[in-house]
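Here the structure comes first, spelled out in structure tokens, and everything after it is commentary.
The values are calculated or read from the model by the stated rules, or taken from the named source; none is laboratory data. Since we're looking at a predicted model, the values are computed, not measured. Backbone-built Cβ (ideal geometry, glycine too); neighbour counts: all protein chains shown. Side chains are part of the model used for accessible areas, which takes the heavy atoms of the whole protein and leaves out ligands, DNA and RNA. Shrake-Rupley method; radii C 1.70, N 1.55, O 1.52, S 1.80 Å.
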Amino acid sequence: MLTVRAIDWDEGEVVIIDQTRLPHEEVTLRLQGPDQVAEAITTLRVRGAPALGVAGALGVALAAARAAERGTDVAEAVRDAAALLAATRPTAVNLRRGVDTAVAASTGGVEATIAAGIAILDRTDMVTRAIGERGADLLGSLAKQRDLRILTHCNAGALACVGWGTALGVVATAHDRGMVARVLTCETRPLLQGARLTAWELARMGAPYDVLVDGAAAGLVVGGQVDAVVVGADRIAANGDVANKVGTLAHALAAQRAGIPFVVAAPEDTIDLDTPTGADIPIEERASDEVLAFAGQRTAPEGSTARNPAFDVTPADLVTAVVTEDRVIRPARGEHP
Ligand code: MRU
């Protein structure tokens, strides 16, 4: 299986794979300051909730390190970087948590701040491997057959994490165990994380897969051609509602209609008990150009406007299970995280 370090720390710099260039080019970028990290987050060069947590923490670490080198006020640099980074994307709670953890560590000095960022990096790798094992066990117990046809959305793989994935980590572990007949990856309009990134990871892990347009999924699910839906999450509210990439809710509704499991795989860090329900989760609204144009070419008539919510919320009663590194929660049965 592929083990990609989508984000890493190397000799005082943050190293990322530029995910906007995949699958055609594998370009590595070295980020030297928090402004570069913020730009990489906003443009989705680095993306996915767990990787955003790491980026937030390491972005703060960069700020501390650069200020110390310049001989300027480290505390002030940390504060400014934290505000900048936390404001880049509002939905994934992991980002704010990563930033907050590094800020708290910064009272211990630059080395302590860097160590906090690296600890999140290493923990993310470990945690997602545990999610993969637990999720594959769960799929084995939930699904009616062993040769599973699994539908996933967006990219919740190693590229969205560090080394392993959440939803795609479950798929990878199940594939390693010989449980997977086929993976259906929705292309994920408008930025095509499914077609570009998940397909790239599936090809590298040698799993059989098809790319679907998002609108094809419900028909295949309700038509009995899918055994389980497995997705990641950007934030899970205290009542079990799940925010994930826009389009996820439609898969959950189709899964309920078809009577197949709808499984969410996410680290404990994605559960936000301070957010009571899905209605309280801030949903990022991105630029309308992402919808009105395709591959740089305008598709909608001049003068058209667009809505571009990047995420939607699946209500808890549609969520068969949330798999974390520690436990399986059953929101549809009324269990709360
Ligand atoms: O806008 P993105 O690409 O950052 O959205 C990513 C998702 O919605 C993922 O499914 C989620 O972050 C889980 S990643 C393990």
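In square nanometres, what is one fourth of the surface area of the convex hull spanned by the alpha carbons of segment 175-273? Present the calculation step by step, with values, prior to reporting the outcome.
Numbers: hull surface 27.0 nm².
Orientation-averaged projected area of the Cα hull: 6.8 nm².
Starting from segment 19-99, pick out the GluC sites (Glu not before Pro) whose DSSP state is loop and whose Cβ has at most 15 other Cβ atoms within 10 Å.
On the way: sites: Glu25, Glu26, Glu39, Glu69, Glu76; in loops: Glu25, Glu26.
Answer in residue order: Glu25, Glu26.
Defining a contact as two alpha carbons under 8 Å apart and six or more residues distant in sequence, what relative contact order in percent does segment 208-337 show? Can you show the working numbers first?
Working: 248 pairs, mean separation 38.1, N = 130.
It comes to 29 percent, rounded to a whole number.
How would you order 106-119, 265-278 from highest to lowest mean count of nearby Cβ atoms within 10 Å? Display every interim value, and only then the final one.
Numbers: 106-119: 17.7, 265-278: 19.6.
So the peptides 106-119, 265-278, ranked by packing, come out 265-278, 106-119.
For segment 1-111, what's the relative contact order in percent, using C-alpha pairs closer than 8 Å and at least 6 residues apart? Intermediate values should be presented prior to the final figure.
On the way: 172 pairs, mean separation 27.8, N = 111.
It rounds to 25 percent for segment 1-111.
Quick one: putting +1 on the C-beta of Lys and Arg, -1 on the C-beta of Asp and Glu, what dipole do you get for segment 1-126 around its Cα centre, in Debye to the nearest 20? Provide the component values of the computation, followed by the final result.
Working: 12 positive and 17 negative charges, 88 e Å.
In total the dipole reaches around 420 debye.
On alpha-carbon atoms, Rg over Rh for the chain using Kirkwood Rh?
Working: Rg = 19.3 Å, Rh = 19.9 Å.
Ratio of gyration radius to Kirkwood radius for the chain: 0.97.
With θ set to phi - 60° and the Karplus curve 6.51 cos²θ - 1.76 cosθ + 1.60, what are the ³J(HN,Hα) couplings of segment 153-165 in order, to the nearest whole Hz, using x for Gly and Pro?
My calculation for segment 153-165 gives 9, 6, 10, 10, x, 4, 5, 8, 10, 9, x, 9, x Hz in order.
State the volume of the convex hull built on the alpha-carbon positions of segment 1-145, expressed per residue in Å³ and rounded to an integer. Mind showing how you got there, number by number?
Working: hull volume 17.8 nm³, N = 145.
Per-residue hull volume (Cα only) is 123 Å³.
Given an 8 Å cut-off on Cα distances and at least 6 residues of separation, report the relative contact order of the chain as a percent.
Working: 783 pairs, mean separation 54.3, N = 337.
Once normalised by length, the contact order is 16 percent.
Which value, in debye to the nearest 20, describes the size of the charge dipole of segment 18-60 about its Cα centre when Lys and Arg Cβ atoms bear +1, Asp and Glu Cβ atoms bear -1, and nothing else is charged?
Details: 4 positive and 5 negative charges, 17 e Å.
That gives segment 18-60 a dipole magnitude of about 80 debye.
Where nothing but the Cβ of Lys and Arg (+1) and of Asp and Glu (-1) is charged, how large is the charge dipole of segment 200-337 around its Cα centre, in debye to the nearest 20? Can you show the working numbers first?
Numbers: 10 positive and 21 negative charges, 96 e Å.
The calculated dipole for segment 200-337 is roughly 460 debye.
Run the accessible area of the chain with a 1.4 Å probe and give the carbon-and-sulfur part as a rounded percent.
On the way: 6690 of 13070 Å².
About 51 percent, which is the carbon plus sulfur part of the accessible surface.
What accessible area per residue, rounded to a whole number of Å², is obtained for segment 201-337 using a probe radius of 1.4 Å? Show your work: numbers first, answer last.
On the way: 5830 Å² over 137 residues.
That works out to 43 Å² per residue.
Angle between the Cα long axis of helix 167-176 and the longest principal axis of the chain, 0 to 90 degrees, nearest 10?
On a 0 to 90 degree scale, this one is about 60.
Beyond 23 Å, what share of the Cα-Cα pairs of segment 224-337 remains, rounded to the nearest whole percent? Don't jump to the answer; show the numbers that get you there.
Details: 2300 of 6441 pairs.
Summing the P(r) tail past 23 Å for segment 224-337 gives 36 percent.
Can you say what percent of the DSSP beta bridges in the chain, counting only those with both residues inside, are antiparallel? Round to 5.
Numbers: 19 of 38 bridges.
The antiparallel proportion sits near 50 percent.
Just to verify a number: what accessible area does Thr28 come out at with the full protein assembly present, 1.4 Å probe, Å² rounded to tens?
Counting only protein heavy atoms, the figure is 90 Å².
Can you tell me how much longer the chain between Gln32 and Ala75 gets when fully stretched, taken as 0.36 nm per residue apart minus their C-alpha distance, in nm with one decimal? All intermediate terms of the calculation are to be shown ahead of the outcome.
Details: separation 43, 0.36 × 43 = 15.48 nm, distance 1.80 nm.
Gain on stretching Gln32 to Ala75: 13.7 nm.
Which one, Gln19, Gly334, Ala82, projects farthest toward the positive side of the charge dipole computed for the chain from Cβ point charges (K/R +1, D/E -1)?
Positive-most Cα among the choices belongs to Gly334.
For segment 70-194, count all C-alpha to C-alpha pairs, find those more than 16 Å apart, and express that count as a whole percent of the total.
Numbers: 5414 of 7750 pairs.
Cα-Cα pairs in segment 70-194 separated by more than 16 Å: 70 percent.
How large are Rg and Dmax for segment 39-123 when only the alpha carbon atoms are used, in Å?
11.7, 35
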